[in-house]
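K.L.:
Have a look at this one before I ask anything.
The values are calculated or read from the model by the stated rules, or taken from the named source; none is laboratory data. Just so you know, these numbers come straight off a predicted model, no measurement behind them. A quick note on method: Cβ atoms are made from the backbone with ideal geometry, for glycine too, and the neighbour counts reach across all protein chains shown.
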Amino acid sequence: MAVFSFIFLMLMFVLIGALSVRKKKNSVDDYLLASRSMKPWVVALASCATFQSGFMFTGMIGATYFMGLSSMWILIGVGLGDYLAYKFLYGRFREFSSKYGFTSYSGLIANGPGKDFKILKFISAILIVVFLGTYAAAQLTAGSKALHVLFDWNYNMGAILGAFVVLLYCIAGGIRASMWVNVSQSFVMLIGMALLVIFSLNRLEGFGELAASLNSINPELLSIMPKDQAFYGIPYILGWVAAGIGVVGLPFVMVNYMTLNDSKNFKTVQKWYFSWTIVFYALTILAGLLIRVLLPDLANFDAELGLPTLSMELLPEILVGFVLASLFAGAVSTADSQIICCTASLTKDLCPKLSKSYLLTKLGTVLVIVTVLLIALFGSKSVFSLVMFAVVVLESAFVPLVITYIFGYRPRRRLCLAMMFWGVLAMFSWRYMGYHNTICIELFPGVITGFIVFWIGKQLKLLRPKRKV
């Protein structure tokens, strides 16, 4: 029964993607940006599913299992940063990309200063294809883990299935199909997580027993502040705030905002986005804590497998399939947006001749999916580590550049390259010294270094005259 309910929901996602094809136009612009016609609520829920889902269902639950209640600061920090980005950055980003006709993120990076810096386009496109490909592979790995636990399938089966499902609807409708499928997946994910939390609380007879059980396992699981963090955890929390703001440096999320029908609708997008996010954040923390109590021996297993393992113990078979589908949807909803984004960088910036043909652009999607699948099959199996590494590299390279662009600054080519180089180098150095485990995640020094380089360049007059955005 679990297999049947899982397959039913997978077919439903494919069907929704296929139905979205009715509104498509046979053009590269429509394939990559849905002709900038998506409604606010679609953009909001698709962005939720894209940004948070795979990481929340596996990596974040695993982090909460070991850290306890203090893991909430990861979500509080990211949420605060995300709010600030909505307030000051996303609307400007959408307006900037639309005004100057950018159809790919790496194209925006290269042409943001008002001149096509081909070397910058090449480097940014390579970073996007390599690291977003790695990120997408991590999502397929997340789905594989769930199938492995529930059906005892080989790890590779989930990755292959996820890649095939994404291929079906992305080839059919591009970013429009991806976003509509993500919207449907966001509802399935929220319901699936809620079901598991409700059944788990019922097993424990409420929050009181949950708190008592956590205290008996380890009182530090109920500690609010992060453990073993310097300066009372403040730099650690600020690092996660930077991660939330740094979403502007994640191409696969920002491409959703590029599809919005009007930049004036961002307040509506924000309301939808945070209404869904707050509920999902709370459910994720609760799920991680409940799994720690109900599966105390998971410390010798893989905590990222906690959700499917607990589902098997608590839920009727038909609901087990539903929860599995929600987890798998979380993985796929992030991977598909990343694959379309990689397609844009590959076809528009690395091999521009491909973008002259609608058919060849689709072929680019096939090439990306095959590459991502190979990474998933032969790469690392840790979702948290893969995701965090890909995120901090991309954000360290792109966040300072994008923010300076959308506020009208026009750094010269050598300053752009210097901002990317020193930002990424600072990030790697911070990681190498081990400070990301005790002070703050390496994104914070990476981004700050990029802005310091920009300030130095400004003093050296390495900027063209500002323009109105």
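K.L.:
Keeping to the range 74-113, report how many residues are in a helix (DSSP H, G or I), among the hydroxyl-bearing types (Ser, Thr, Tyr) and within 20 Å of the chain's Cα centre (by Cα).
P.N.:
Residues that pass the stated criteria total 5.
K.L.:
Sticking with this one: Are any of the residues in the range 11-18 crowded, with 20+ Cβ neighbours inside 10 Å and under 24 Å from Ile191 (Cβ atoms)?
P.N.:
Checked against the condition, which is being crowded, with 20+ Cβ neighbours inside 10 Å and under 24 Å from Ile191 (Cβ atoms), the range 11-18 yields at least one hit.
K.L.:
Right, next: Can you tell me which residue is modelled with the lowest pLDDT among those in the range 411-468 that are exposed (fewer than 15 other Cβ atoms within 10 Å of the Cβ) and under 18 Å from Asn111 (Cα atoms)?
P.N.:
For the range 411-468, the residue satisfying everything is Lys468.
K.L.:
Within the range 173-202, track down each residue that is closer than 30 Å to Gln139 by Cα and surrounded by fewer than 16 Cβ atoms within 10 Å (Cβ to Cβ).
P.N.:
Residues satisfying the conditions are Phe187, Ile191, Ile198, Leu201.
K.L.:
Next question, about the same structure. For the range 208-226, name all the residues that are touching a Leu at 6+ places or on another chain (Cβ under 7 Å) and loosely packed, with under 15 Cβ neighbours inside 10 Å.
P.N.:
Scanning the range 208-226 gives Asn215, Ser223, Ile224.
K.L.:
Follow-up. Look at Leu69 and say whether it is aliphatic (A, V, I, L, M), surrounded by fewer than 22 Cβ atoms within 10 Å (Cβ to Cβ) and at pLDDT 90 or above.
P.N.:
no
K.L.:
Could you list, in sequence order, all residues of the range 135-156 that are surrounded by fewer than 21 Cβ atoms within 10 Å (Cβ to Cβ) and farther than 19 Å from Met312 by Cα?
P.N.:
Scanning the range 135-156 gives a single hit, Asn156.
K.L.:
Of all residues in the range 395-410, which are hydrophobic (A, V, I, L, M, F, W, C) and either modelled with pLDDT under 90 or under 23 Å from the mean Cα position of the chain (by Cα) (or both)?
P.N.:
Those that are hydrophobic (A, V, I, L, M, F, W, C) and either modelled with pLDDT under 90 or under 23 Å from the mean Cα position of the chain (by Cα) (or both): Ala397, Phe398, Val399, Leu401, Val402, Ile403, Ile406.
K.L.:
Mind listing whichever residues of the range 114-123 are in a helix (DSSP H, G or I) and either among the small types (Gly, Ala, Ser) or surrounded by 18 or more Cβ atoms within 10 Å (Cβ to Cβ) (or both)?
P.N.:
The answer is Leu120, Lys121, Ile123.
K.L.:
While we're here: For the range 397-437, give me the residue count where each residue is not aromatic (Phe, Trp, Tyr) and not in a helix (DSSP H, G or I).
P.N.:
Residues meeting the conditions: 6.
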